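Encoded as structure tokens, the structure appears first; notes follow it.
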Amino acid sequence: MRKLLYAVLLACPTLAFAQGSQVNTQGIKALGMSGAGSALFVDETSIFYNPGAVVKTTSNGISIGATGVMYRSAFKEVKSNVQYDTKFQVSPPFSVFATFGPNNSWWKAGIGVYTPFGGAVNWGDQWPGRFELNHLSMRAIYIQPTLSFKITDNFSIGGGFVYNLGTVDLSRSIPVFDQHGAPGKAELTGVGTGTGYNIGVHYHLENEIAISLSYRSKVVTKLKDGDAEFTVPSAVAASFPNTKFSAELPLPGSFNVGISFPVSSKVDIAGDATFIGYSIYRKLVFDYEDNTPVLTDTEQDKKYQNALSAKAGINYKASDKFSLRAGAGYVYTPVQSSYVYAETPDNNRIMASAGFTVNLSHKMDLSGAYTFQRITERTTQNVVTGLAGTYKTNIHAPGLSLTYKW
């Protein structure tokens with residue numbers, strides 16, 4: 001029984017902190033170029049992409065955006081022809097960015113509220129991995145006040161303090177059965193907080209080539225007094241008391257290099273490369289407030305590896321009021337094959353995107369984008385749960401943002 005519960009409870013929300021949970025939809029313009037554009041787009045979203053560029057904005061403004069991330073995954077167990085699909089649902093990462101301060105000055109301030117990590121997946125309770133996961137919903141909301149300073153006309157720096165508010169909601173079946181053959185259920189929910197920072201430098205060359213360097217620190221979110229609730233037959237209820245738990249949830253830092261350059265008066269090309277420090281996620285530890293002979297504190301090795309991504313895109317200014325974009329990218333997974341979980345059955349991924357901006361007036365513009373990500377098929381056996389099979393995953397992410405300037 002102790003080994004059984006150990007396997008049940010190890011699937012904490014932090015298992016979702018893989019590449020699959022990193023949400024790169026903070027700027028809809030950049031989303032239209034698969035996430036490239038940290039050097040090209042100097043606007044309110046620079047609070048996230050590069051705080052050093054904020055002071056170069058030509059006006060104050062507020063930008064509100066949201067994306068409908070539709071995550072669809074399928075699983076086929078080894079030696080089986082039956083395919084199990086996740087249920088359709090939309091995860092809505094959002095962002096709000098605002099800049100303020102004197103225009104054409106040596107300084108400018110801003111604040112951003114955005115969701116760089118999050119997601120939702122629902123496998124239901126009938127698939128072979130139901131004792132690993134039924135459903136998971138998690139979100140990390142970053143709040144970032146920012147200051148940016150112009151050192152020269154071309155060179156600027158900036159940084160911001162990050163406060164994270166994280167929420168998680170997870171359930172899975174437990175292989176203890178009532179008189180009708182229905183399995184038990186474990187449900188874990190909680191809220192955690194953490195802090196970090198975001199810094200960057202931005203440089204324009206004389207020929208309008210721009211270079212962006214930025215670093216977002218890791219954020220270790222401390223989850224305390226989470227709720228662990230169990231629905232089990234009365235005969236084993238004493239071994240599964242509803243209780244509290246705590247854990248540390250590591251969100252990785254990243255270093256990004258971006259470049260943009262004009263091809264003509266109407267066409268710009270941009271590229272971004274990002275190093276993501278997932279190696280901080282080495283193990284997962286739970287501390288339960290109430291212990292029993294089977295409900296004990298647990299520790300599990302994760303052995304994540306650092307990851308890399310490369311993205312490139314093109315921005316076409318069709319007219320003074322209308323722009324079009326397209327982009328593509330490739331992302332290397334941090335998840336080793338033997339540690340793939342159903343929360344984010346991750347692998348290397350290919351992405352493609354398209355987007356637009358319409359200037360509704362001299363003070364307001366509307367941007368839209370759509371990105372498709374294909375996570376390459378992966379056949380694996382998890383060394384902890386023993387679940388073996390093939391995962392296929394597609395992600396669709398349409399988004400819109402509205403910006404008002406003054």
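Worth pointing out:
- Most mobile of Thr25, Thr371, Thr86 in a GNM of the chain (Cα contacts under 10 Å): Thr86
- Helical content alone sets the calculated 222 nm signal of the chain at -1000 deg cm²/dmol, taking -39,500 (n - 2.57) per DSSP H segment of four or more residues and averaging over every residue.
- Anchor Lys56: aspartates and glutamates whose Cα lies under 13 Å away (excluding residues fewer than 8 positions away in-chain): Asp43, Glu44, Asp153
- Look at Asp290, Asp365, Asp268 and count the other Cβ atoms within 10 Å of each Cβ; fewest to most, that gives Asp290, Asp365, Asp268.
- The range 2-405, relative contact order in percent, only Cα pairs under 8 angstrom and at least six apart counted: 20 percent
- Rotationally averaged projected area of the range 133-229 (alpha carbon convex hull; nm²): 9.0 nm²
- Backbone HN-Hα couplings from phi across the range 151-164 [Karplus 6.51/-1.76/1.60, Hz, Gly and Pro as x]: 7, 9, 4, 9, 10, 9, 9, x, x, x, 8, 10, 10, 10
- Furthest towards positive pole of dipole, Met33, Thr403, Asn134, structure part the range 2-405, Cβ charges: Met33
- Cross-link table Lys150/Lys266; Lys29/Lys405; Lys29/Lys218; Lys79/Lys185, entries beyond 19 Å C-alpha to C-alpha: Lys150/Lys266; Lys29/Lys218; Lys79/Lys185
- Extending 7 Å from Cα along the Cβ direction at Leu402 and again at Glu77 yields two label points whose distance is 4.9 nm.
- Applying both filters, DSSP loop and at most 14 other Cβ atoms within 10 Å, to the trypsin sites (Lys or Arg not before Pro) of the range 166-266 gives Lys266.
- Relative packing of 392-401, 108-117, 148-157, which averages over residues the other C-beta atoms within 10 Å, highest first: 108-117, 392-401, 148-157
- Ordered by the count of other Cβ atoms within 10 Å of each Cβ, fewest first, His135, His362, His180 give His180, His362, His135.
- Centroid-to-centroid separation of the range 328-385 and the range 233-260 [C-alpha atoms, Å]: 22 Å
- Share of alpha-carbon pairs per 5 Å distance bin for the range 203-355, given as whole %: 2, 7, 11, 13, 13, 11, 10, 8, 7, 6, 4, 3, 2, 1, 0, 0
- Karplus (6.51, -1.76, 1.60) ³J(HN,Hα), θ = phi - 60°, over the range 83-88, in Hz, Gly and Pro reported as x: 9, 10, 10, 5, 6, 6
- Chain lengthening between Asn394 and Phe100 when straightened (0.36 nm per residue, less Cα-Cα): 102.0 nm
- Note, ³J(HN,Hα) from phi for the range 195-200, Karplus 6.51, -1.76, 1.60, rounded to Hz, x at Gly and Pro: 9, x, 7, 9, 10, x
- Cβ crowding within 10 Å, taken as a proxy for footprinting-reagent exposure, orders Thr292, Thr385 from fewest neighbours to most as Thr292, Thr385.
- Magnitude of the charge dipole for the chain, about its Cα centre and with charges confined to Cβ atoms of Lys, Arg (+1) and Asp, Glu (-1), is about 720 debye.
- In the range 301-406, inverting the average of 1/r over every pair of distinct C-alpha atoms gives 16.3 Å as the Kirkwood radius.
Every number here is computed from the coordinates shown, using simple stated rules; none is lab data. The structure displayed is predicted, hence computed values, not measured ones. With ideal geometry, Cβ positions are generated from the backbone for all residues, glycine too; neighbour counts draw on all protein chains shown.
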